[in-house]
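K.L.:
Okay, here's the structure, questions in a sec.
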Amino acid sequence: MKTWNVPSAPCWADLSAADPRAAAGFYARLFGWELGEVPGLEGYRAFLSEGAPVGGLGPRRPGRRPSVWRPYFVAGPDGTGESPAERVALARGKVLGEPVEVPGVCRATLCADSSGAVFGLWEPDGHQGFGRVNAPGSPAWLDLATTDPDGSRGFYTEVFGWQARRAAPGAGFPYTEWSLGGQPFGGMTPITEAFPAGTVPRWLVYVAVRDCDAAAARGARLGANVLLPPTTIEPGRFSVLADPQGAMFAVIALAREESGEGRPATGGERAAAIMG
């Protein structure tokens, strides 16, 4: 992840959990994360890695979808006078509720893109977002799985101004790399029959670890479901898991640790490995 905490870039990820206390225990044992207070937002805590904020944890609202990780992107002006939420609606996305305002922290709005994948808009108010990336125990990459790659490409280009580069396919599967100013931070794969039945459009958050195999094995011992066993790709070795409450995430051991910059995967190899 070469860009973060700047307008239109990734800046945060949080877990909406049916049982936040159990989720906190799972990630503490898996990554060594601790919990920090978020003033002004009852029931919401920050995950900390070596004292730096790397994500959030809150309760899942009754009637909402199962426990899930969601990314947030910095909402910035685009010169048109339209608000970020208005741009989402104009691009055929949906605003899923009223903004949550936390004085001294941020103004956050949950949205869904044109294919239904959920993400958040983040307007900083004293809290810029990730305090650490790419180092073990911190976010390293984001992937979007979608049923409509062309529509999703148009949506995120229109709303955030992202550049979309078609990466070399692996095993026949196309992959799109997202970047800002030439700095990559994520990618996109189409949902095909190779995905598990019932897969819906969603974002996947990658967390850097020192040893992918050890992290996946530890996750399994803690009750996680290993959806994709550890797999080697050019940038390192990664695995996809679902935590004990069903929230999907990935772990990746980078071939070379890059504290603060560097993407962990090439497009075609990542697509081929994820889809099988």
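The values are calculated or read from the model by the stated rules, or taken from the named source; none is laboratory data. Given the structure is predicted, the values throughout are model-derived calculations rather than measurements. With ideal geometry, Cβ positions are generated from the backbone for all residues, glycine too; neighbour counts draw on all protein chains shown. Only protein heavy atoms, including side chains, enter the accessible area calculation; ligands, DNA and RNA are left aside. Shrake-Rupley method; radii C 1.70, N 1.55, O 1.52, S 1.80 Å.
K.L.:
Net charge around Arg237, counting only other residues with Cβ within less than 9 Å of its Cβ (Lys, Arg = +1; Asp, Glu = -1)?
P.N.:
Counting the neighbours of Arg237, the net charge comes to -2.
K.L.:
Keeping every protein chain present and rolling a 1.4 Å probe, give me the accessible area per residue for region 198-246 in Å².
P.N.:
42 Å²
K.L.:
Net charge within 15 Å of Glu34 by Cβ-Cβ distance, Lys/Arg positive one each and Asp/Glu negative one each, not counting Glu34 itself?
P.N.:
+2
K.L.:
Between (1) 19.1, 60; (2) 18.2, 57; (3) 17.2, 51, which entry matches Rg and Dmax of the Cα atoms in Å as derived from the coordinates of this structure?
P.N.:
Structure-derived value, by its label: (3).
K.L.:
Out of Leu241, Gly126, Val68, whose Cα points farthest toward the positive end of the dipole of the chain (charges: +1 Lys, Arg; -1 Asp, Glu; placed on Cβ)?
P.N.:
Among Leu241, Gly126, Val68, the one farthest towards the positive end of the dipole of the chain is Leu241.
K.L.:
Moving to a separate point now. I'd like to check one number: the per residue accessible area of region 1-93, probe 1.4 Å, reported in Å² as a whole number.
P.N.:
So region 1-93 comes to 48 Å² accessible per residue, rounded to a whole number.
K.L.:
By DSSP, what percent of the beta bridges with both residues in region 114-202 are antiparallel, rounded to the nearest 5?
P.N.:
Of the beta bridges lying entirely in region 114-202, close to 70 percent run antiparallel.
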